[in-house]
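No lab work stands behind these numbers, since they all come straight from the coordinates. Just so you know, these numbers come straight off a predicted model, no measurement behind them. Backbone-built Cβ (ideal geometry, glycine too); neighbour counts: all protein chains shown.
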Amino acid sequence: MAVLDTERNHLRKKFESLTGDVELIVFTQELECMFCKETRELILGLGALSPRLKIKVYDFVKDNEEAKKYNIKRIPAIAIVGESDYGIRYYGIPAGYEFPALVDDILDVSKGTTSLPDNIKKKLAEITKPVHIQVFVTPTCPFCPKAARLAHQFAIENEFIRADVIEMTEFPYLAQRYSVMSAPLIVINEDTSFTGAQPPEVFIEQITMALRSSFNPMYS
């Protein structure tokens, strides 16, 4: 991809700070979907930039057990896995503004921690029920990477949280299901959604609201 051609040396230098191995696991299929080929080539290109990056490519259909293992529901998909599987997923190609967010995710997963403030980490530690975050983004949205990064950072810091970043133009049926009118749109546990790149404090408040709704008898 063009971004690798222009940023190769910069990325290679940036990846020198990787402290642990990171698996970039790509799911595509034999008859590749729209952007499956580009996604696979992008990740293979990244893998060539550091011995710390371990690339795996699976067929969504033929490698069904692997897809189940990583809870992959659609393609193209990328799972970013470090010493632990933090539940960090990209659905669609992480292009445009999303590419730097992907790189930063890789750095965080390598360390197994994030640069979130201690007070935010403390609030995250108080979450002890399952949380599924879906962040709908577009490659041309300058505000989307902040929301995507926060969701993935939350997943790294708390084992109960898993976070999907979804490129909405590649999955229009999902955008329709969740009535996505603008990006970023964040959906939490199917019950709560909000728009915009909000501060982490607001993001956590929305998670708390979603958990209250999920465990309210009215919603059972």
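Less than 15 Å Cβ to Cβ from Thr169, Lys/Arg counted +1 and Asp/Glu -1: what total charge do the surrounding residues give?
Details: positive: Arg74, Arg177; negative: Glu38, Glu98, Glu167, Glu170.
Local net charge: -2.
Mind checking which aspartates and glutamates have their C-alpha under 19 Å from Lys122, skipping anything on the same chain fewer than 8 residues away?
Asp108, Glu157, Glu159, Glu201, Glu205
Against the longest principal axis of the chain, how steep is helix 200-214, in degrees 0 to 90 to the nearest 10, with axes from Cα atoms?
Roughly 60 degrees, rounded to the nearest 10.
Report, in degrees rounded to the nearest 10, the 0 to 90 angle that the Cα long axis of helix 36-47 makes with the longest principal axis of the chain.
Roughly 70 degrees, rounded to the nearest 10.
Give the lysines whose C-alpha is closer than 22 Å to that of Lys69, dropping any in the same chain fewer than 8 places away, or say none.
By straight Cα distance, Lys69 reaches Lys54, Lys56, Lys129.
Taking the 0 to 90 degree range and rounding to the nearest ten, how far is the long axis of helix 2-14 tilted relative to the main principal axis of the chain, both from C-alpha atoms?
80
Charges at C-beta only: +1 for Lys and Arg, -1 for Asp and Glu. How large is the resulting dipole of the chain about its Cα centre, in Debye rounded to 20?
Around 180 debye, computed over the chain.
Using the count of nearby Cβ atoms within 10 Å as a rough guide to exposure, how do His152, His132 rank from fewest to most? Walk me through the numbers on the way to the answer.
Details: His152 30, His132 18.
Ordered from fewest to most neighbouring Cβ atoms within 10 Å, His152, His132 come out as His132, His152.
Convex hull over the Cα atoms of segment 114-220, averaged projected area in nm²?
6.7
What ratio of Cα Rg to 2.2 N^0.38 Å holds for segment 1-101?
Values: Rg = 13.3 Å, N = 101, 2.2 N^0.38 = 12.7 Å.
For segment 1-101, the normalised Cα radius of gyration comes out at 1.05.
Which label marks the calculated value of Rg/Rh (Cα atoms, Kirkwood Rh), given the options (1) 0.95; (2) 1.07; (3) 1.01?
The value computed from this structure is option (1).
On a C-alpha basis, how far is the centre of segment 51-65 from the centre of segment 138-193 in Å? Whole number, if you could?
Here the answer is 23 Å between Cα centres.
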